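Below: one structure, written as structure tokens.
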Amino acid sequence: MNPLLSVRDLTLLYGPEKGCQGVSFDLYPGEVLGIVGESGSGKSTLLSVLSGRNRPDCGQVFYHCPQTGSIDLYQASEAERRNLLRTQWGFVEQNPRDGLRMNVSAGANIGERLMAQGVRHYGQLRQAGLQWLKQVEIDPSRIDDLPRTFSGGMQQRLQIARNLVSSPKLMFMDEPTGGLDVSVQAHLLDLLRRIVRELQLAVVIVTHDLAVARLLADRLMVMRRSRVVEAGLTDQILDDPQHAYSQLLVSSVLQP
Amino acid sequence: MDTVMEVKGLAKTFTLHQQHGVELNVLQSLDFSLLAGECMLLHGRSGAGKSTLLRTLYGNYLPAAGSIRVRHQGKMVEMLGSEPRQTLELRRTTIGYVSQFLRVIPRVSCLDVVMEPARARGMALDKATARAEALLSRLGIPQRLWTLAPGTFSGGEQQRVNIARSFMVHWPILLLDEPTASLDDANRNVVIELIKEALRAGSALIAISHDADTRNAIADRYLDMTPKELSHAI
Amino acid sequence: MSQHAESNHIVEAGYNFAYLDEQTKRSLRRGLLKAVAIPGFQVPFGGREMPLPYGWGTGGMQVTAAVLGRDDVLKVIDQGADDTTNAVSIRRFFTRTAGVETTERTHHASIIQTRHRIPETALRSGQIMVFQVPIPEPLRFIEPSDSETRAMHALNDYGVMHVKLYEDIATYGHIATTYAYPVMVDQRYVMDPSPIPKFDNPKLNMSPALMLFGAGREKRLYALPPYTRVQSLDFEDHPFELPKWEQSCAFCHSTESYLDELIVDDEGTRQFVCSDTDYCSQRCNEQEALA
């Protein structure tokens, strides 16, 4: 099987040890990669470079699509990158307001990717909206409501639906459960687990919450001060951390 | 019979960076082979590294040195240095692990927990449900608990759910860490039966058990894990 | 309503022909050439101070000034009428600074400057329509950032336009936009046709005339060369529809033209009248002649 995403020596630094450097890995279809680390470790920078939002200082990101072949993300044109982000990739922002159009209805939010791809049938768009609302467990009767009338957890689920409508193969998630109440988090995590399994999504998820990492990720990369200090199987990293920093991280987690 | 696992020179060390770099050499230069249909019991006092060995064989702990080769889909595959997805693939189809403690994923029903390994291999929902229900019945988990999440179950109940989950599917290699601890006689006998059925079906087992009756019922051979002195780095 | 062309008045001394200096006109024409070469694409230009504030047609006037020649015949309309204050002022402006012949007859004009309407009378090859545009950017309603809208046009990233139409249908059951209805030009650029009623949109498609658009405040030019394909955005199951009136014009009885609704007395009596004054008066004259 060929990897879906190949990253080689990726570096983007804002200052000494601020940002990310020397990151290399391959991500396979259906794999969930968690990037963990504390604030300032560079995980969000890495995510932004991986997803085509920030050009790296050096290094490469290759996306291998079975249908259209490989593209070198930063050699491609802006148009190709945008198209990728709108069709085969998804990005779930930490704050749903950054990932939604707050002043158009839930149905319009979900349908936008389809409209951008040239779907010109209102009935079809509405059907897709209803279907995806059900998938993310939002009452379909809310299809015409504005996102500002939704709770935080619902907004987050709407954001997920908005991304999934184009059947992406790869999703990037930036602390998707951050800022949500614990019970709401739980609901969202259950949804994410189910969806990742059912749709065989490859996911790169940034989180500072090790419990979320254990629940969702197959493998982890631990970042500290712009570098990946340890990488491997999730349960191995969390149960048998090798690097001093990983051990510190794991031992710091409070057990209720 | 086929060799299903070959271990050579396996070493495992824990370096506790938070405690001034204390090193615990738990496993040193371990060698053994395992044949299909045989049950090997790990023998040694507490602290000898029995659980550590099982976890290392499962990929949960990272070996310091050596080789673990496992028969996977007809070929011998090296586990050391393999990619996470390879280890996960091995865990999905070849190596099963029954730990002492059920790791509880919240809000997932007992039935779903038990069915999961079968569903991961593509078994149909109705078939998986039927088999899960049969196993749970056999292990004495009452029906009213089947739709509940096991988080609130007693230790013994959780363990039986764990056992049911492990025997949902056929494992070429099954690692069992104290499978009958905290079970009463009746349930212990059910588990022993399940183990024997698996052995007859060709599974190779490595098990830890402090219970003499269990050991006597299932063991074909023993691996003596003489406890090592805790060595401190100077 | 006077119908005959006004003859050359004395041109005011001290102004260049059509007010703008030659360098400015040249730079405007360069911009217009670029606009014509890329139908529907917004070309920035160095807009000049005109003796009117923004919002009163300065963009249209700069375009007219740039293309106006001594032999041109100019018509100016505002909401279809030649006799409203703005139309009269702008027409006089060009009379005083260029001395060109002016007319109210669509058929006789070589340049027609308009605010918010396209004449009912079919345009012919050789005529130039100059549109006054307030907001040239069709994406502005949903994207406030100018650099982002420019990127969206460049990358053909128009999904959001249909988001707005979808929202209309979800809210009102039909597409609610009735003027400044966005169009797709030559299957490449989405364009705001200026606040003409959607009734006029079909007149943009494959017109024999050259259509030029000028926005003074925003300093943008765009154009539709003759015989350009212009399609109004819609959905397959909610196609673009022309509005229809139950009434006909109270003066000329036309059922084909765009009607204004007038309140004619203190009791609130309503009358529907052609918005295009020239079209209406032509029909009335013909009907009188036949009577």
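The values are calculated or read from the model by the stated rules, or taken from the named source; none is laboratory data. These figures come from a predicted structure and were not determined experimentally. With ideal geometry, Cβ positions are generated from the backbone for all residues, glycine too; neighbour counts draw on all protein chains shown. To get the accessible areas, we keep the full protein, side chains included, count just its heavy atoms, and leave off ligands, DNA and RNA. Shrake-Rupley method; radii C 1.70, N 1.55, O 1.52, S 1.80 Å.
Some notes on this structure:
- Solvent-accessible surface of chain C, taken per residue with a 1.4 Å probe and all protein chains present: 47 Å².
- Ligands, DNA and RNA left out, the 1.4 Å accessible surface of the protein assembly as shown is 50% carbon and sulfur atoms.
- Applying the criteria of a DSSP loop state and at most 15 other Cβ atoms within 10 Å to the GluC sites (Glu not before Pro) of the stretch A:1-78 yields A:E17, A:E38.
- Note that the stretch A:99-167 presents 35 Å² accessible area per residue, ligands and nucleic acids not counted, probe 1.4 Å.
- Residue pairs, from the table C:K75/C:K244; C:K164/C:K198; B:K8/B:K50, whose Cα atoms sit over 19 Å apart: C:K75/C:K244
- Computed extension gain for C:S147 through C:S27, at 0.36 nm per residue and net of the alpha carbon distance, reaches 40.8 nm.
- At a threshold of 30 Å², the residues of the stretch B:103-120 that become less accessible to a 1.4 Å probe in the full protein assembly than in their chain on its own are B:R103, B:I105, B:R107.
- Length-normalised contact order for chain B - Cα pairs under 8 Å, 6+ apart - percent: 30 percent
- Rough spin-label spacing in nm, given labels placed 7 Å along Cα→Cβ, for C:R270 and C:Q231: 3.5 nm
- Proximal lysines relative to A:K43, as straight alpha-carbon distance under 16 Å, when same-chain residues fewer than 8 apart are discounted: A:K18
- Cα-projected label distance for A:A79 with B:Q100, points at 7 Å along beta-carbon direction, nm: 6.4 nm
- Residue-by-residue Karplus 3J(HN,Hα) for the stretch C:80-90, coefficients 6.51, -1.76, 1.60, Hz, glycine and proline x: x, 9, 7, 10, 7, 3, 5, 4, 5, 4, 5
- Within the protein assembly as shown, helix-based [θ] at 222 nm, where runs of 4 or more DSSP H residues each add -39,500 (n - 2.57), nearest 500: -10000 deg cm²/dmol
- Summary value for the stretch A:99-167: 46 percent relative contact order, contacts being C-alpha pairs under 8 angstrom separated by 6+ residues.
- Distance between modelled label sites at B:S109 and B:R200, nm, 7 Å Cα→Cβ extension: 3.2 nm
- Pairing chain B with chain A buries about 1800 Å² of accessible area. This figure sums both sides and uses a 1.4 Å probe.
- Efficiency of FRET from Cβ geometry, A:R8 and A:D139, R₀ 56 Å, rounded to 0.05: 0.80
- Within straight-line cross-link reach of B:K196, aspartates and glutamates at Cα separation under 19 Å, skipping those fewer than 8 residues along the same chain: B:D2, B:E38, B:D177, B:E178, B:D184, B:D185, B:D211, B:D213, B:D220
- Chains A and C together, accessible area buried on both sides, 1.4 angstrom probe, square angstrom: 1800 Å²
- Annotation: amide H of A:M221 within the under-5 Å range of A:G34, A:I35, A:V36, sequence separation 5 or more or interchain, hydrogens built in the peptide plane.
- Its relative contact order, with pairs defined as Cα atoms under 8 Å and 6+ residues apart, puts chain C at 21 percent.
- Peptide C:155-164, shielding by other chains (average Cβ, 10 Å cutoff): 6
- Sparse-neighbour loop sites [trypsin sites (Lys or Arg not before Pro); the stretch C:137-239; at most 10 other C-beta within 10 Å; DSSP]: none
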